[in-house]
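What follows is calculated from the coordinates using simple rules that are stated; it is not laboratory data. It should be emphasised that the depicted structure is a prediction, and the values quoted were computed from it without experimental measurement. Ideal geometry is used to build each Cβ from the backbone, glycine not excepted, and the neighbour counts take in all protein chains shown.
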Amino acid sequence: MYKIVRKKILSPVVTLMDIDAPFVAKKAQAGQFIILRVNEDGERIPLTISGYDREKGTVRIIFQIIGASTALLNAKEEGEYISDFVGPLGKATETDGIRKVAIVGGGVGSAIALPLAEKFHELGAEVHSIIGFRNSELVILEEEFVAASDKVVLMTDDGSRGRKGLVTEALKELIDSGEKYDEVIAIGPLVMMKFVVATTRPYGIKTTVSMNPVMIDGTGMCGGCRITVGGKLKFACVDGPDFDGFEVDFDEAMERNNMYHEFEHHKYEETCNLLNKEVE
Amino acid sequence: MANMDLKKTKMPTMDPLVRSRNFEEVALGYTEEMALREAERCLNCKNMPCVNGCPVNIHIPEFISKVKEGDFEAAYQIISKSSSLPAVCGRVCPQESQCESKCVRGIKGESVGIGRLERFVADWHNEHFNGNIEKPVSNGHKVAVVGSGPAGLTCAGDLAKRGYDVTVFEAFHVAGGVLVYGIPEFRLPKNIVEKEVDTLKALGVKVETNFVIGKTLDIDELFDMGFEAIFIGSGAGLPRFMGIEGESLKGVYSANEFLTRNNLMKSYKKNSETPIMHAKKVAVVGGGNVAMDAARTALRLGAEKVYIVYRRSLEELPARREEVEHAMEEGIEFKLLCNPTKILGYRNPDDKKDRRNGFVSGLNCVKMELGEPDASGRRRPVELEGSDFVLPVDEVIMAIGTSPNPLITSATNGLETTRHGCIVADENGKTSIEGVYAGGDAVTGAATVILAMGAGKTAANAIDEYIKNK
């Protein structure tokens, strides 16, 4: 059992939790992920690590409530326990030789992008963060990005906060204005990462994306997380989660990601009904 | 009086029509009368050929003698001296090619049903046992075991019995390895594995789940934590794919993923949080035990038609006879001398949002014929030109083998591996690093439960010697 030592609601659909997991905290690196189960018989949920405190022995996760299992996780309170928490899994993001980086975060992906911004900042690189959300209500971690970046551009789809528009527009403007990035790192919905890659490709700027496909074990055992990268079969859990964005087959990944769409939708409604009943 | 019947006492099984729609155990086990009758078939040979056929050298005639006397607990004690997992072995060991293949009764007629008797004795014990196990006196030495599959559990049990302080590290949230994620409930009920693990815990073995060695902790850190020796039994968990077109379509699974969803995550249960496809027509590619398990699982999940697609003939089928027979009884169709060349997917050109887009719609196969024997001695299948045909299926499960997982070897400096990624270990399980031993599929590549147990046992002896002489 793993204790939730802190819980904070970041937006109506996004929650932060610090989990007591000293062994994971000791090893965790930005870019790696964990797998958790809320209850006995629960689903194994992979979540990229949003931060860690080696001294306190805690690991930070920030998750969006998108399905039954995340709804159940969100129903847990500070001081309560979850069944399982294993990691750190996957490879850490490579930071060597990068002196100037653009970090692009979309939605809850920003929560995973933040530790990278912090890491590069700590290493003395120049960090430009471009973070995008649907509307002002969903904006998270703005202050933290400001603290870890030399420049922050906040975008919303409807213009209710920051600038109106997509993260790709802001990225293109920065590049066109003469900013020379050693690398662009994009973390967010698959469709966003696909378009970030489309934006940077003509400029030939190295672009890394973080893939988060369906998986079970996270150790290379099931092969469910397979994606096609440069025409080759890769397992996101052990070969990634970071990949060269120019090589990833995004269309295939997007299609694979909705394999259980109907099951998940049904399960989510069922769980929400259950949770609401408990509240009454 | 010896029972001179040429045939084994039959073990009752559930009706194929009933069982193919549920996940309950297929083989029902002997009653006391059946066990006594079968035990009487053992001639108690002086030279005990059967014992040499057993990878863990269970004292077979000795335990069967106790069954004859009706002293089932004494029989259990004899088995458990050599085997840490009797209820498991009695169910999944390929006895026909091991102990039973050496049985004198098998020369004229059928061999003694050693596996069935072992299973009976273990189940009898589990049913009647009061739970009190005397913990061995501690010798103060700590040993770490990586992986809680058959190799790891055996090694842990054998060392614990000698007083070692053993900790088993498991990556998943439950112990058991392939016994819980791979072998289905209908062949090996999970409460039986749980009981065997509980027995080891009662002996003092500690089980730490959610620890991925190579990630959460590495081998050097285990030594720093005071473990004097380490046994690696991390198995061969990496699934292989064929490399044909369409393997990324929705509805294509590795057998590992399909079975793990079903067995470990219990997705066959109605209220499970983990999804699995309930396909109508399923093709399982491969001919081993895992392929049989996957096919029979697909059937139980409600498939109307399940095919085994195998590129050689029935004779070469590597699965156990019993499993093949069970699969056939349940109505699984064998497409032999067939090889998949391409997986076809559904694509609606007029509607990009059609929910069926990207799902499997068929398996393109080509017929094969057997040519000259290859290096393995089996006749090599050769493609029959122009024999392409399409099997109309909506799910394809690849059960064509697994490779060792590189998580540990890539994170451990100086741990020698073969070209195929298997850990190099000598006949005692000793690796290229002092104090590190390995066994089971991590060393041999995918093999059987009992061979892994044998390796775990051998390594336990070697570790005992190593620590004593340090």
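Once amide H atoms are placed 1.01 Å from N in the peptide plane, what residues at a sequence separation of 5 or more from B:Leu217, or on another chain, have their amide H within under 5 Å of its amide H?
B:Val212
Out of residues 5 or more away from A:Gly245 or on other chains, whose amide H comes under 5 Å of its own, with H placed 1.01 Å from N in the peptide plane?
Those qualifying (amide H under 5 Å, at least 5 residues apart or on another chain) are A:Thr207, A:Thr208, A:Val209.
In degrees between 0 and 90, to the nearest 10, how far off the longest principal axis of chain B does helix B:150-161 point, with axes built from Cα atoms?
So the helix axis and the longest Cα principal axis differ by about 10 degrees.
By what distance, in whole Å, do the Cα atoms of chain B stretch along each of the three principal axes, largest value first?
73, 60, 50
With equal scatterers on the alpha carbons only and no solvent term, can you work out the Debye log10 of I(q)/I(0) for region A:100-210 at 0.14 1/Å?
Taking Cα atoms of region A:100-210 as identical point scatterers yields -0.46.
Take every residue in peptide A:236-245, count the Cβ atoms of other chains within 10 Å of its Cβ, and give the average of those counts.
1
Within a 10 angstrom radius of the beta carbon, how do A:Leu141, A:Leu274, A:Leu190 rank from fewest other beta carbons to most?
So the ranking, lowest neighbour count to highest, is A:Leu274, A:Leu190, A:Leu141.
From the helices alone, meaning DSSP H stretches of at least four residues, give me the mean residue ellipticity at 222 nm for chain A, per-run term -39500 (n - 2.57), in deg cm²/dmol to the nearest 500.
Dividing the helical sum by the residues of chain A leaves -9000 deg cm²/dmol.
Lysine pairs in region B:224-343 8 or more apart or on different chains: how many have alpha carbons under 19 angstrom apart?
Within region B:224-343, the lysine pair count is 12.
Please list the equivalent ellipsoid semi-axes of region A:140-280, computed as the square roots of five times the alpha-carbon gyration tensor eigenvalues, in descending order and whole angstrom.
In descending order the semi-axes read 30, 24, 14 Å.
By a straight-distance test (C-alpha under 20 Å), which lysines pair with A:Lys91 as possible cross-link partners, with residues fewer than eight away in the same chain excluded?
A:Lys26, A:Lys27, A:Lys119, A:Lys206, A:Lys232, A:Lys234, B:Lys215
Can you grab the distance from the C-alpha centre of region A:16-76 to the C-alpha centre of region A:119-165, Å, no decimals?
Centre-to-centre (Cα) distance: 23 Å.
How large is Rg/Rh for region B:99-241, to two decimals, with Cα atoms and a Kirkwood Rh?
Result for region B:99-241 is an Rg/Rh of 1.04.
In Å and from the alpha-carbon atoms only, list the Rg and Dmax of the protein assembly as shown.
Using the Cα atoms of the protein assembly as shown, the pair Rg, Dmax is 27.7, 98 Å.
For region B:391-445 and region B:302-369, write down the distance between their C-alpha centroids in whole Å.
Their Cα centres are 28 Å away from one another.
More than 19 angstrom separation, counting every C-alpha pair in region B:195-270; what % is that?
62 percent
Taking a spot 7 Å from the Cα of A:Arg134 along the direction of its beta carbon, which residues of region A:68-94 have an amide N less than 17 Å from it?
A:68, A:70-71
Mind listing the phi-derived Karplus ³J(HN,Hα) values for region B:282-289, rounded to whole Hz, using 6.51, -1.76 and 1.60 with θ = phi - 60°, and x for any glycine or proline?
My calculation for region B:282-289 gives 10, 10, 10, 9, x, x, x, 4 Hz in order.
Check the straight Cα-Cα distances from B:Lys68 and name the lysines below 24 Å, setting aside those fewer than 8 residues away within the same chain.
Counting by Cα, and skipping residues close in sequence, B:Lys68 has these lysines nearby: B:Lys7, B:Lys8, B:Lys10, B:Lys46, B:Lys81, B:Lys102, B:Lys108.
Under 5 Å between amide hydrogens, which residues at least 5 positions from B:Lys342 or on another chain qualify, with H placed 1.01 Å from N in the peptide plane?
B:Asn364
Please arrange A:Val214, A:Val14 by how many other C-beta atoms lie within 10 Å of their C-beta, fewest to most.
A:Val214, A:Val14
Residue by residue through region B:90-100, what is 3J(HN,Hα) from phi via Karplus (6.51 cos²θ - 1.76 cosθ + 1.60, θ = phi - 60°)? Round to whole Hz and write x for glycine and proline.
x, 9, 10, 5, x, 4, 4, 9, 10, 3, 5
Mind ranking A:243-252, A:176-185, B:134-143, B:213-222 by how tightly packed they are, going by the mean number of other C-beta atoms within 10 angstrom, highest first?
Averaged packing, sorted descending, gives the order B:213-222, A:243-252, A:176-185, B:134-143.
Work out from phi, with θ = phi - 60° and the Karplus expression 6.51 cos²θ - 1.76 cosθ + 1.60, the ³J(HN,Hα) of each residue of region A:206-221, listed in order in whole Hz, and give x for Gly and Pro.
These are the phi-based 3J(HN,Hα) values: 3, 10, 10, 10, 10, 8, 9, x, 4, 8, 10, 8, x, 10, x, 8 Hz.
I need the P(r) histogram for region B:63-150: all alpha carbon pairs, bin width 10 Å from 0 out to the longest distance, whole percents.
15, 38, 30, 14, 3, 0
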